[in-house]
Amino acid sequence: MPANIVVGTQWGDEGKGKIIDILASRADVVVRSQGGNNAGHTVVNNGEVYKLHLIPSGILYPDTLCLIGAGVVLDPKDFIGELDSLEARGVSTANLRIDPRAHIVMPWHIALDGLSEAFRGGSDIGTTKRGIGPTYMDKYERCGIRLYDLVHPEVLAAKIKSTGNLKNKIITEVYGGEPFDLDAVTDEYTGYGKRLLPYMDDVSVLTFDADKAGKTIMFEGAQATLLDIDFGTYPYVTSSHPLSAGVCVGTGVGPKVISNIVGVAKAYTTRVGKGPFPTELDDEIGDKIRTVGGEFGTTTGRPRRTGWFDAVIVRHSVRVNGLDSLAINKLDTLSGIDTLKMCVAYKKPDGTVIENFPPTLEELAGCTPVYEEFPGFGEDISKCTSFEELPENCRKYIERLEELVGCHVGMVGIGPDRSQILER
Ligand code: GDP
Ligand code: IMO
Ligand code: MG
């Protein structure tokens, strides 16, 4: 399969990093096409844990070309920190390239993310406060700073002067915040530009050429379908398109390049940040899943909200992404729960039962999950070596899940390590 996409099907943190790392062992190129360092992708190899935010999860393979496409928003300070920490652990970053069109997260974007969230008070989104939304706002406002500008000091100085003055006015006069010293920002970001220059290359061309040469390409999704700006739980979403279709615009390749689309889900559901979560568990089972599953944000450390698997949202993801198969992670976390539940549909306040995720929060409000129950399993499944070796109740859970969402489950995760995956 020459060009594969891996996308999140819930609210993020489904274990995409792990699946990419596994599939990257068979890939020549790994590409990130949207989002920024709001992402936190964990890769575990023989007990060594790597938490990646901007750098593609193929980086642990020395011969894999890792690309950051035009649709990504890049915080250069954080990115350089990630480069340094990988290099310090002996991981080479020589095979990394960033598209000159990628927009740069400036310090005022981070400040404005925090100030606007505080201004919203109790109706805040619960963003990662990494400046993601404000950077995409400037991109679409057509006043953003891109990687190309960062490595050209005169262009950068002029752009910082024009946009920085406006940002300082908004920060001080609208929000009562502290202005930025624009000369100091120019010096600091010119320094980042020097460091990033060797990595700059046209990712659209590199990806096109790799495809023409018959290389295997993996597109690494960040965030997830229910966080998509249009098809997620708006406004409790991120500011990009984490869908399979977002890969083409975020990289600069045509859709015919894509041959296989894999969705990643957990065997239950989690969410960080605010917004609706129909199957949320506010009880000791939810706490148990959080503790056993280590459900704390990779980027912000916030406790993740936990709940039962929701077939309605994953069915929505199967449709909007055109999934060929699913990888279901963290089945091991459900061990020891007597009765497992899976949401198969929603019941509206008027009693109507619906199977498709409603397009708006207004229509979702008042919907309650319709559950199917399953006998649980008590065995430790983390050392199983095949799907057939799993306890019968585990297999039945997965088989019913795939029936409900209408998509084949091709992989089942039974632990965080690279090796803890059962392929079907
Ligand atoms: P991503 O953002 O989708 O890449 O996911 P994160 O890395 O933020 O969160 C997933 C967490 O689950 C990480 O701590 C992974 O190491 C861990 N993980 C992934 N798959 C499995 C699995 O099958 N079982 C267990 N127990 N942990 C897993
Ligand atoms: P990965 O790639 C989980 C959530 C935030 C917040 C909302 C908007 O690791 O799965 P933003 O900072 O993007 O403006 O925040 O989106 N969010 C994520 N939740 N995993 C992620 O990435 C996320 N990236 C953003 O918590 O609710
Ligand atoms: Mg994550």
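The values are calculated or read from the model by the stated rules, or taken from the named source; none is laboratory data. Note that this is a predicted model, so its numbers are computed, not measured. When we count neighbours, we look across all protein chains shown, and the Cβ atoms used for this are built from the backbone with ideal geometry, even at glycine. Calculation scope for accessible area: heavy atoms of the full protein, side chains included, ligands and nucleic acids excluded. Shrake-Rupley method; radii C 1.70, N 1.55, O 1.52, S 1.80 Å.
Anything in the range 118-139 that is touching a Gly at 6+ places or on another chain (Cβ under 8 Å) and either aliphatic (A, V, I, L, M) or part of a helix (DSSP H, G or I) (or both)? List them, or say none. Answer for the range 118-139, where residues must be touching a Gly at 6+ places or on another chain (Cβ under 8 Å) and either aliphatic (A, V, I, L, M) or part of a helix (DSSP H, G or I) (or both): Ile125, Ile132, Thr135, Asp138.
Of the residues making up the range 140-160, those that are under 25 Å from Tyr234 (Cα atoms) and in a helix (DSSP H, G or I) are Tyr140, Glu141. Scanning the range 239-270 for residues that are of a type in the set (Lys, Arg) and within 16 Å of ligand 1 (Cβ to nearest atom) yields a single hit, Lys266. For the range 323-365, the candidate set comprises residues that are of a type in the set (Ser, Thr, Tyr) and exposed (fewer than 12 other Cβ atoms within 10 Å of the Cβ); within that set, the residue that is nearest to ligand 3 (Cβ to nearest atom) is Thr360.
Going through Gly58, Gly69, Gly36 one at a time, which residue ends up being under 17 Å from Glu220 (Cβ atoms), of a type outside the set (Phe, Trp, Tyr) and modelled with pLDDT under 95?
Being under 17 Å from Glu220 (Cβ atoms), of a type outside the set (Phe, Trp, Tyr) and modelled with pLDDT under 95 holds for just one of Gly58, Gly69, Gly36, which is Gly58.
Just one of (1) touching a residue at least 60 places away in the same chain (Cβ under 8 Å); (2) open to solvent by less than 60 Å² (accessible area, probe 1.4 Å); (3) away from ligand 3 (no atom under 16 Å from the Cβ) fails for Arg195. It is (2).
Filtered by the rule that a residue be in contact with a helix residue (DSSP H, G or I) (Cβ under 6 Å, 6 or more places away or on another chain) and not hydrophobic (A, V, I, L, M, F, W, C), the range 13-52 gives Ser33, Gln34, Gly36, Asn37, Asn38, His41, Thr42.
In the condition set (1) more than 13 Å from ligand 3 (Cβ to nearest atom); (2) over 17 Å from Arg130 (Cβ atoms); (3) more than 10 Å from the chain's Cα centre (by Cα), Thr9 is compliant with all but (3).
If the condition is being open to solvent by 30 Å² or more (accessible area, probe 1.4 Å) and closer than 28 Å to Trp108 by Cα, then the range 200-220 contributes Met200, Asp201, Asp202. Restricting the search to helices (runs of 4 or more DSSP H) fully inside the range 176-283 and requiring at least 2 residues that are within 16 Å of ligand 2 (Cβ to nearest atom) gives 244-251.
What about Ser116, is it closer than 23 Å to Thr300 by Cα, touching a helix residue (DSSP H, G or I) at 6+ places or on another chain (Cβ under 9 Å), modelled with pLDDT of 95 or more and open to solvent by 20 Å² or more (accessible area, probe 1.4 Å)? Judged against the criteria, Ser116 is a match. Could you please find all residues in the range 295-322 being open to solvent by 10 Å² or more (accessible area, probe 1.4 Å), within 25 Å of Glu372 (Cα to Cα) and within 13 Å of ligand 1 (Cβ to nearest atom)? Passing the criteria: only Arg304. The set of residues from the range 1-21 being within 14 Å of ligand 2 (Cβ to nearest atom) and part of a loop (DSSP other than H, G, I, E, B) comprises Thr9, Gln10, Trp11, Gly12, Asp13, Glu14, Gly15. With respect to Ser240, is the statement that it is touching a strand residue (DSSP E or B) at 6+ places or on another chain (Cβ under 8 Å) and surrounded by fewer than 18 Cβ atoms within 10 Å (Cβ to Cβ) true? So Ser240 fails the test.
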